[in-house]
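Here's the structure we're looking at; comments come further down.
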Amino acid sequence: TLGGAINLVTPAGHSARGHETRFEAGSEEVFRLHGRTGQVSRSGDLFASITGLHSGGFRQHSRQESLKLNSSLGLRHGGRGETRLYLSGNILEKKLPGTLPRDIALQTPDAASPGAVEDDQARDIRSFRLAGKTAWNLGNRQTMEAGAFLNLKDLSHPVSRFFGFIDQENTDYGVFATLTKEW
């Protein structure tokens, strides 16, 4: 309501050059390792990052682990076009501690709901995304873009004996094309 914009820009080799390695550690068995690289050549650029996380969690039954990969490969076609390929993957495993009555939460904030522990409530996601787009400068202030994507996602979400178990596999795919003219 205050105005403004959010501009999400995927990193590329030319916008995130060089290498970076970062290690973080904290309370509750938090360990995070991140690495990334950005490279540029005459014919294109490459960006890749990988992040691993382990957390024991503040509350009982709230351990989580994740591994995330993001990459982008750009190939130039002379001065008139570029093809960019994107590959990402995620492995997320998270135990869920559930909700507690207010008085118990205030007395023992690190406790888990007995039902959540007994039902081993969790939210595990495996996802893979492959996408590509090609942009052409057609001259005369015209641009054409075309691309396609494939997204595979597997959600394993044991909620409770009462609500059941969500086991969901999605395959999403699509194509697009745009023509832009500036006047």
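Worth a mention:
- Computed over neighbours whose Cβ is under 13 Å from that of D119, the net charge equals +1, Lys and Arg +1, Asp and Glu -1.
- In the assembled protein chains, S41 presents an accessible area of approximately 60 Å² (probe radius 1.4 Å).
- Simple spin-label estimate for I125 and V159 gives 1.7 nm between the two label positions (7 Å along the Cα-to-Cβ direction from each Cα).
- Here the scattering of the stretch 46-90 is modelled by Debye summation over its C-alpha atoms, one equal scatterer each and no solvent; at q = 0.29 Å⁻¹ the log10 of I(q)/I(0) is -0.95.
- Percent of C-alpha pairs per 10 Å bin, the stretch 98-151, short to long: 17, 21, 14, 12, 14, 14, 7
- Within the accessible area of the chain (1.4 Å probe), percent carbon and sulfur: 57 percent
- Radius 13 Å from Cβ of L96, net charge of other residues (Lys, Arg +1; Asp, Glu -1): 0
- Ellipticity estimate at 222 nm from DSSP helix runs (n ≥ 4, -39,500 (n - 2.57)) divided over the chain, nearest 500: -1500 deg cm²/dmol
- Solvent-accessible surface (1.4 Å probe) assigned to L150 amounts to roughly 60 Å².
- Between T108 and T21, residue separation times 0.36 nm minus the direct Cα-Cα distance comes to 27.6 nm.
- Taking all protein chains into account, the per residue accessible area for the stretch 1-157 stands at 64 Å² (1.4 Å probe).
- Cβ-Cβ distance of H34 and F176, R₀ of 45 Å, FRET efficiency by 1/(1 + (r/R0)^6): the value works out to about 0.90.
- Shown here for the stretch 1-68: trypsin sites (Lys or Arg not before Pro) in loop regions (DSSP other than H, G, I, E, B) with at most 10 other Cβ atoms within 10 Å, namely R42.
- Once the gyration tensor of the Cα atoms in the stretch 125-172 is diagonalised, the equivalent ellipsoid follows with semi-axes of 42, 9, 6 Å, ordered largest first.
- Label assignment, log10 I(q)/I(0) by the Debye sum over Cα atoms at q = 0.10 Å⁻¹ derived from the structure, set (1) -0.45; (2) -0.37; (3) -0.62: (3)
- Heavy-atom SASA rank of H19, H77 (probe 1.4 Å, accessible area, largest first): H19, H77
- Share of alpha-carbon pairs per 10 Å distance bin for the stretch 1-87, given as whole %: 15, 31, 25, 22, 6, 1
- The stretch 48-125: proportion of alpha-carbon pairs further apart than 15 angstrom, %: 67 percent
- At the residue level, F165 shows approximately 120 square angstrom of accessible surface with a 1.4 angstrom probe and all protein chains present.
- Cα centroid separation, the stretch 1-69 to the stretch 116-159 (Å): 17 Å
- Restricting the stretch 78-182 to GluC sites (Glu not before Pro) in coil, as DSSP defines it, with at most 13 other Cβ within 10 Å: E182
The values are calculated or read from the model by the stated rules, or taken from the named source; none is laboratory data. Owing to the predicted nature of the structure, the values given are computational and were not obtained by experimental measurement. As a convention, Cβ positions derive from the backbone with ideal geometry for all residues, glycine included, and neighbour counts pool all protein chains shown. The accessibility values were calculated without ligands, DNA or RNA, using every heavy atom of the protein model including side chains. Shrake-Rupley method; radii C 1.70, N 1.55, O 1.52, S 1.80 Å.
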